[in-house]
Amino acid sequence: MSSIIEFQKASANKLKLFYEAPLKIINNLTNVTPETIKTAAGNSVKELQKHDEINTAKVDASQFPHQAAIGANLANFSYSLKKTQRSKLDIKPLEDNPSAEPLNWNTGEIYANAQNLARELMEMPPNYCTPTYFAERAAKEFEGIENIKLQVFDKDWAQSMKMNTFLSVAQGSTEPCKFLQIEYNGSANKEDKPLALVGKGITMDTGGISIKGGAGMDLMRGDCGGACTLLATTQAIAKLKLPINVVFVAPLTENMPSGTATKPGDIITSMSGLTVNVLNTDAEGRLVLADALYYVSTKFDPHTVIDCATLTGAMMIALGEAYSGIFSTTDDLWKLLEDAGLAENDKFWRMPFDDFYLKQINNTAADLANTGGRPAGACTAAIFLKQFVDGINFNAEEGEKPRRQYAHIDIAGSMECTKPESYNTKGMSGRPTRALIEYARRLAEKK
C-alpha cells in the first residue's frame with residue numbers, strides 16, 4: 001500500500017491503521033502516480049475529519065513524499081470563525097526519513113502551507129483583513145526567515161512617488177492604503193537581478209461608484225487573491241532558501257463608493273506619466289497594478305516581472321476555474337510556467353497578448369482607458385497592464401532582445417473552488433501558489 005494513513009484517538013494512545021475506501025484504491029493501482037498519491041492522501045484526511053475522536057494522521061510517504069504531504073495538508077485546511085469548530089489534524093509522515101531528492105515531505109509541507117496561507121487570507125472577512133492587517137500579518141509571517149527585508153509604505157509615500165492611479169482607487173475608502181514591499185536576497189551574488197512579483201491587493205471590492213450588484217459581492221473579500229498568493233509564494237521561496245533574488249510588492253486598499261471616490265470619466269496621471277481615463281471604477285485592479293508594475297520594473301531592474309490578479313470576469317467566463325489565464329511576452333517564460341503548473345496540477349492556459357487590443361482602450365482623451373468594453377475583456381486588461389512594464393519592448397526583426405520578460409496571470413476564475421474534490425476543498429483556492437513556487441524552484445535550478 002502506497003499511501004497509508006494512521007490515526008490516533010484522542011482518548012487513547014493506541015495507534016490503528018485506517019484502511020477505508022479512500023485508500024483501498026491504491027491496492028488496485030498498477031501505475032501509482034504523483035497525482036494518485038496526492039488524491040489518496042487528501043481523500044483519507046477528509047475521511048478522518050469525520051471522526052471527532054481522531055486528532056493525528058500519519059501518512060505513508062514512501063512514494064512521492066512531496067505529493068503525499070501536499071494532498072494531506074491541503075485537505076486538512078479549513079477556515080471558520082464559529083464559536084465551536086473541529087481542530088485540524090496533526091499530520092506527520094509515518095516514518096521520518098528525510099529524502100535527498102529535491103522534492104520531499106518537507107518541500108510538500110512548505111508548498112501546501114503556503115497555499116493554505118493564501119487561502120486563509122483570501123477567506124478572511126474584509127472587516128478583519130484590511131490593508132493594515134494584511135501588512136501586519138505579512139510582517140508576522142516573515143518573522144525569523146533569513147535574508148528578508150520587509151517595508152510598508154503609506155499614502156504619503158505613494159503621493160511622493162506619484163502613484164496616482166493607485167491612490168485614485170484608495171481615495172474612496174476610510175481604511176488607510178498600504179504599499180507592501182518584501183525583498184528576498186537568496187543569491188550568493190547580491191547583484192543578481194531579481195524576479196519581481198506584483199500582487200493585486202484589493203481587500204474589498206464593491207466596485208466603487210460603478211458599484212457591483214449585491215448578490216455575491218461578499219466573494220470580493222478574495223479580490224486580494226493576487227497579493228495573497230504571491231505573498232505566500234515569496235515566503236515559500238525564502239523557506240526553501242532558493243538561491244535567487246526576489247522582490248514582491250502589493251498595493252493594498254479597498255475600493256469603496258463615497259463622496260471622495262473616483263468618478264467615472266475622471267482622468268488620472270499615472271506614475272509612468274501615461275494618463276488614464278477611468279470609464280469604470282470597478283476596473284480598479286489594473287489601476288493599482290499600473291503604478292506597482294512601473295515602480296518595480298524601473299526601481300529594481302528585474303529579469304522577469306510576474307503579476308497575479310483577480311482581474312476580470314471575462315477570464316472567469318473564458319476558462320472557468322480549471323485554469324489560470326496567462327499572458328506572456330516570451331515563449332520561454334510561458335513554457336517554464338506551463339511546466340510548473342502541470343507538475344503541481346495547478347494548470348495555466350496561455351491567452352493572446354496582442355497589441356491589436358490596444359485599439360479598444362486608446363481612443364479617448366487620455367492615453368489609455370481602463371476598460372475596452374465587453375469584447376475580449378481579459379485581453380484588453382492585460383494589454384493595459386503591459387504599457388506600464390518598463391523594458392519589455394524590443395524589435396525582434398533587428399535581433400533585439402527584451403531587457404526583461406513579463407507575464408500577467410488572471411486568476412478571477414481559479415480564485416474559488418466551487419467543485420471540491422480530494423485536496424481541493426470548497427472555498428477560496430489559494431491558486432496558483434504551488435505552481436509559482438515550483439516555477440521559482442525550477443528557475444533557481446537553471447542558474
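List the residue pairs whose Cβ atoms are under 8 Å apart, where the first residue sits in segment 246-270 and is under 30 Å from Lys190 (Cβ atoms) and assigned by the TED database to the domain that holds Thr364, the second is in a strand (DSSP E or B) and of a type in the set (Phe, Trp, Tyr), and the two are 6 or more positions apart or on different chains.
These pairs meet every condition: Val246/Tyr184; Val247/Tyr184; Phe248/Tyr184; Val249/Phe179; Ala250/Phe179; Pro251/Phe179; Leu252/Phe179.
Which pairs do you get when a residue that is in contact (Cβ under 8 Å) with a residue 40 or more places away in the chain, found in segment 127-148, comes within reach of a residue that is acidic (Asp, Glu), reach meaning Cβ atoms under 6 angstrom, with the pair 6+ apart or on two chains?
Thr130/Glu175; Pro131/Glu175
So if I check each of Lys178, Lys193, Lys162, which one is more than 27 Å from Glu254 (Cα to Cα) and either open to solvent by less than 40 Å² (accessible area, probe 1.4 Å) or assigned by the TED database to the domain that holds Cys228 (or both)? Outline the logic, then answer.
On the way: Lys178 fails: more than 27 Å from Glu254 (Cα to Cα); Lys162 fails: more than 27 Å from Glu254 (Cα to Cα).
From the options Lys178, Lys193, Lys162, the qualifying one is Lys193.
Could you say which residue among Thr260, Thr281 is of a type in the set (Ser, Thr, Tyr) and open to solvent by 40 Å² or more (accessible area, probe 1.4 Å)? Walk me through how you get there before you give the answer.
Values: Thr281 fails: open to solvent by 40 Å² or more (accessible area, probe 1.4 Å).
On inspection, the qualifying residue turns out to be Thr260.
Please specify each residue of segment 271-305 satisfying the condition of being touching a Ser or Thr at 6+ places or on another chain (Cβ under 8 Å) and either outside the structural domain of Ala407 (by the TED database) or not in a loop (DSSP other than H, G, I, E, B) (or both). Let's see the steps before the verdict.
Initially, segment 271-305 is screened for residues touching a Ser or Thr at 6+ places or on another chain (Cβ under 8 Å), giving 271, 275-283, 285, 287-288, 290-291, 294, 305.
Across segment 271-305, the qualifying residues are Thr275, Val276, Asn277, Gly285, Leu287, Val288, Ala290, Asp291, Tyr294, Val305.
Give the residues of segment 355-382 that are out of contact with any strand residue (DSSP E or B) (no Cβ under 9 Å at 6 or more places or on another chain), part of a helix (DSSP H, G or I) and hydrophobic (A, V, I, L, M, F, W, C), sorted by residue number.
Across segment 355-382, the qualifying residue is only Phe356.
When you look at Lys149, is it open to solvent by 70 Å² or more (accessible area, probe 1.4 Å), part of a helix (DSSP H, G or I) and charged (D, E, K, R), yes or no? First the steps, then the outcome.
Details: open to solvent by 70 Å² or more (accessible area, probe 1.4 Å): yes; part of a helix (DSSP H, G or I): no; charged (D, E, K, R): yes.
Criteria not met by Lys149.
Would segment 201-217 turn up any residue that is assigned by the TED database to the domain that holds Pro432 and under 26 Å from Pro302 (Cα atoms)?
Taking every residue of segment 201-217 in turn, at least one turns out to be assigned by the TED database to the domain that holds Pro432 and under 26 Å from Pro302 (Cα atoms).
With respect to the numbered conditions (1) under 23 Å from Pro432 (Cβ atoms); (2) outside the structural domain of Ser258 (by the TED database); (3) open to solvent by less than 50 Å² (accessible area, probe 1.4 Å); (4) hydrophobic (A, V, I, L, M, F, W, C), which one is the sole condition not fulfilled by Ala61?
Of (1) under 23 Å from Pro432 (Cβ atoms); (2) outside the structural domain of Ser258 (by the TED database); (3) open to solvent by less than 50 Å² (accessible area, probe 1.4 Å); (4) hydrophobic (A, V, I, L, M, F, W, C), only one is false for Ala61: (1).
The values are calculated or read from the model by the stated rules, or taken from the named source; none is laboratory data. Since the model is a prediction, treat every value here as computed from it, not as a measurement. Note: ideal-geometry Cβ built from the backbone for every residue, glycine included; neighbour counts use all protein chains shown. With ligands, DNA and RNA removed, areas are computed over all heavy atoms of the protein, side chains included. Shrake-Rupley method; radii C 1.70, N 1.55, O 1.52, S 1.80 Å.
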